[in-house]
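Heads up, the thing below is written out as structure tokens.
Since every read-out is calculated from the coordinates, none of them should be taken as a lab result. Bear in mind the structure is a predicted one, so any value in this text is a computation, not a measurement. FYI the Cβ positions are ideal-geometry reconstructions off the backbone, even for glycines, and counts take in every protein chain you see.
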Amino acid sequence: LADVPLRRAVSKLDRSHGIPQELKDYADGVRAMMERPLPDPLGWVYQARIHGFRQHVDPAHPDWDKCQHQQWFFLPWHRMYVRQLEKIIGHLIGKPDWRIPYWDYTSPDEADWALPPEFADPPDPDTNPLFVPGRSPDPLQESDRDPAAALAARFFTTHDNLADDFGSGVIHHPAQFGHRETGQLEYKPHNQVHNAVGGLMENPLTAAADPIFWLHHASIDRLWEVWRADGHTNETDSGWLGTTFDFPDPDVGRKTYKVSDVLSTEALGYAYDDLTPPPVAAPEPLQTAFLAAEALEEAAVDERREPELIGATAEAVPLEPDSTHTIELAKSTTLRLSEEPVVQDAAGPEAFAQAITELALGRKVFLQLENVTGRNVAVGIYGIYLDVPEGERPADHPELKAGEFPTFGLEAATADGGGITQAIDITDVARRLYNEGRWNPDRLQVSFDAERLTSNKNVAGQAVHADGIRVYVV
Ligand SMILES: [Cu+2]
């Protein structure tokens with residue numbers, strides 16, 4: 001590592017003498033920022049409003065409402081924003097080498113999934129600047145903090161209308177809520193942790209006013225480094241690299257960064273204590289009857305491949321808790337997969353159809369919610385389930401749960417005239433259904449449940465729908 005100060009895991013800070021020094025410094029810095037009212041650009045309220053404040057940008061405050069979501073400036077913009085906060089705090093407390101700890105919820109140790117204790121206790125904003133009211137009292141769940149799909153994403157972005165990328169979809173000009181694809185890291189842990197923490201954190205227009213926001217974003221920023229250090233490559237598009245953003249700066253007044261300026265954390269003056277990829281669960285193996293294991297392995301070889309659409313809903317889909325929707329799956333003979341040599345070898349029409357199914361489920365399978373929009377959004381996190389037996393409740397079938405849809409940023413995207421498109425890796429549940437002889441080659445049933453509510457708990461009055469649901473194999 002270069003000789004730069006480290007951002008450390010919050011759970012590993014030295015607590016042998018009580019509150020760790022790094023968090024005492026953070027609390028002092030937050031308090032000092034809170035003592036600087038508007039319009040001081042180094043104040044807490046001003047900094048939080050840079051992320052979000054209201055839907056229509058006020059020309060008197062060109063710094064506000066600048067957060068980048070649902071597109072590929074999400075990661076670099078938040079890296080710049082967190083680095084500037086770190087500089088402001090270092091400046092105000094007279095410790096320019098102070099670096100923000102990160103909330104290490106990707107640790108396999110469940111104890112690290114709870115909010116760090118200093119943020120919850122004492123629960124009094126007058127004596128504890130790290131506390132804010134309204135957060136969920138529950139620790140993060142396994143599914144909230146699981147970075148497996150993000151760290152398995154092969155490309156920073158893709159140009160294929162499927163949001164299985166790491167760093168979200170392409171947009172040509174910065175936009176606060178980009179109306180485009182939410183990539184795998186932005187989906188989870190990012191959006192999901194925002195909703196799971198709740199309170200100010202569940203809405204991008206208030207999130208940055210919660211001190212835990214910044215440790216969450218340090219964690220997301222670290223996962224970007226973990227992914228890159230694990231052999232992946234950042235985007236090389238010159239439009240992305242050359243886009244600039246500017247921020248108030250405690251030393252030079254204003255600081256302008258190009259995206260290409262922030263691809264090295266060392267150049268920005270920090271590094272992480274550990275870039276080891278966290279352990280993730282092994283994928284469910286597919287039990288094949290028609291394809292040889294080697295054929296499957298060969299067909300699933302790691303190369304860039306166009307995703308193939310294998311099914312879609314016929315109509316728009318309301319996201320109502322406990323509702324079920326049908327995805328018609330394509331006839332096997334019409335699929336591009338049917339041209340693969342391993343399938344052509346199959347003897348007889350039944351074997352041919354089964355071989356195509358096995359080939360499809362031997363790859364990665366994604367279910368994509370297309371352009372979800374919502375008003376009066378009362379569900380914080382939807383659970384998404386496959387093929388729940390008729391008349392039964394999804395929540396009673398955790399083995400059929402394929403993923404979640406966290407609604408962080410949904411109202412803001414909708415108000416800006418857009419929506420959220422999100423892909424969910426459903427490979428494990430699809431294989432489990434196949435292995436148990438329950439995969440229906442004609443249709444897939446998708447059910448939603450309201451796993452966690454927002455602070456706006458009127459499910460009856462909410463209006464959330466997707467333009468459709470599609471299933472792809474990659
Ligand atoms: Cu965020």
Be a star and scan segment 451-474 for residues whose amide nitrogen sits under 13 Å from the point 7 Å along the Cα-to-Cβ vector of Ala316. 463-469
Exposure proxy check: Trp77, Trp98 ranked by fewest other beta carbons within 10 Å? Trp98, Trp77
Which distance in nm do the two modelled labels at Ala120 and Val252 give, with both placed 7 Å along the Cα-to-Cβ direction? 4.1 nm
Relative to the longest principal Cα axis of the chain, at what angle does helix 74-92 sit, 0 to 90 degrees, rounded to 10? 20 degrees
Nearest-0.05 FRET efficiency for Ala293 and Glu225 at R0 = 22 Å, using Cβ-Cβ distance, is 0.05
Checked against the positive end of the charge dipole of the chain (+1 on Cβ of Lys and Arg, -1 on Cβ of Asp and Glu, about the Cα centre), the farthest of Pro406, Gly461, Gly94 is Gly94
What does a probe at Ala281 reach in segment 134-175, counting residues whose amide N is under 16 Å from the point 7 Å along Cα→Cβ? 141-152
With +1 on each Lys and Arg Cβ and -1 on each Asp and Glu Cβ, how big is the dipole of the chain about its Cα centre, in debye rounded to the nearest 20? 1180 debye
Taking the Cβ of each residue in Leu433, Leu361 as the centre, tally the other Cβ atoms inside 10 Å and list the residues starting with the fewest. Leu433, Leu361
Go ahead and run the numbers for FRET between Asp261 and Lys95, Cβ-Cβ distance against an R0 of 25 Å, rounding to 0.05. 0.55
Gap separating the Cα centres of segment 199-273 and segment 30-52, nearest whole Å: 19 Å
Can you tally the lysine pairs in the chain where the Cα-Cα distance is under 24 Å and the two residues are eight or more apart, or on different chains? 20
On full extension of the chain, what length is gained from Asp442 through Lys457, given 0.36 nm per residue of separation minus the C-alpha to C-alpha distance? 1.7 nm
Ranking request for peptides 136-145, 150-159: highest mean number of other beta-carbon atoms within 10 Å first, then the rest in descending order. 150-159, 136-145
Please express the shape of the chain as an equivalent ellipsoid: the semi-axes are the square roots of 5 times the eigenvalues of the C-alpha gyration tensor, given largest first in whole angstrom. 41, 23, 21
So, with +1 on the Cβ of K and R and -1 on the Cβ of D and E, and no other charges, what is the size of the charge dipole of segment 342-414 about its Cα centre, to the nearest 20 debye? 320 debye
For segment 368-474, size of Cβ-based charge dipole, Lys and Arg +1, Asp and Glu -1, in debye: 120 debye
Mean Cα-pair separation over length for the chain, i.e. relative contact order, pairs under 8 Å, 6 or more apart, %: 18 percent
Taking amide hydrogens as modeled 1.01 Å from N in the peptide plane, which residues meet the under 5 Å criterion relative to Ile19, leaving out close sequence neighbours? none
Could the peptides 102-113, 449-460, 342-353, 186-197 be put in order, highest first, of the mean number of other beta-carbon atoms found within 10 Å of their residues? 186-197, 102-113, 449-460, 342-353
Tally Lys and Arg at +1 and Asp and Glu at -1 over the other residues with C-beta under 12 Å from the C-beta of Pro133: what net charge comes out? -2
Relative contact order in percent for segment 379-448 (Cα pairs under 8 Å, 6+ apart) equals 43 percent
Go through Val280, Gln184, Pro441 and say which Cα lies farthest out towards the positive end of the charge dipole of the chain; charges sit on Cβ, +1 for Lys and Arg, -1 for Asp and Glu. Gln184
Taking the dipole about the Cα centre of the chain, with the C-beta of Lys and Arg at +1 and of Asp and Glu at -1, give me whichever of Gly380, Leu223, Ile171 is farthest to the positive side. Ile171
For segment 25-130, with equal point scatterers placed on the C-alpha atoms only and solvent neglected, what are the log10 I(q)/I(0) values from the Debye formula at q = 0.12 1/Å, to two decimals? -0.51
